Amino acid sequence: MSFSVHSAVTQYLATKHGDRVITHGNAQIEREEAITQHCKTDKPSVLVSPSITEGVDFADELARFQIVCKIPYPRWDEYSRSRHAIEPKWYDLQTASTLVQMKGRAVRSNTDFATTFVLDSNLMEFVERSESILPTWWLDAIQMET
């Protein structure tokens with residue numbers, strides 16, 4: 001999620017659910033503080049972030065849903081273009097890895113559960129192109145809604 005989408009989503013949610021919405025700015029320390037606040041609050045909360053893909057444990061009630069607004073493709077910079085030229089599947093592999101990691105932030109055990117909503121209309125195009133590198137359990141969990 002870009003910071004512009006993050007801002008729009010946060011503003012919309014704040015008008016309806018004000019004190020339940022926890023978010024942060026660009027600084028790493030702000031992100032960490034928002035995560036800590038979400039994890040320690042006794043009240044129901046929704047953490048809105050454009051940058052939580054790995055390294056966070058939202059076990060059990062800490063995450064029953066997550067919304068991915070945009071497929072998390074890596075930045076298309078000189079490094080990515082070079083890697084893609086050497087290994088064409090590299091770019092999709094990085095993206096698939098990030099999507100699987102994102103699901104793993106919310107589902108931490110065999111008894112844990114959460115729903116991941118992917119709003120990007122290009123999801124199925126990505127899935128079809130990357131089916132051979134995505135885990136079967138991840139593919140089996142896809143449900144399409146129109």
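Every read-out reported here was derived from the displayed coordinates using simple, explicitly stated rules and does not represent laboratory data. The structure displayed is predicted, hence computed values, not measured ones. Positions of Cβ are generated from backbone atoms using ideal geometry, with glycine treated the same way; all protein chains shown enter the neighbour counts.
Each of Ala34, Leu93, Thr111 was scored by the projection of its Cα onto the charge dipole of the chain, and the greatest displacement toward the positive side belongs to Ala34; charges sit on the C-beta of Lys, Arg, Asp and Glu.
Only one of [x] 10.0; [y] 11.4; [z] 10.6 was calculated from the structure for mean projected area of the Cα convex hull in nm², and its label is [x]. Charge tally for Glu125 (other residues, Cβ to Cβ under 12 Å; Lys, Arg +1; Asp, Glu -1): -3.
When a/c is below 1.5 the answer is rounded, else prolate if a/b is larger than b/c, else oblate, so apply that to the range 5-62 with a ≥ b ≥ c taken from the square roots of the Cα gyration tensor eigenvalues. Oblate.
In loop segments of the range 100-146 as defined by DSSP, the GluC sites (Glu not before Pro) with at most 10 further C-beta atoms inside 10 Å of their C-beta are Glu145. Among Lys103, Lys70, Lys16, the largest mean-square fluctuation in a Gaussian network model of the chain, built with springs joining Cα atoms closer than 10 Å, belongs to Lys16.
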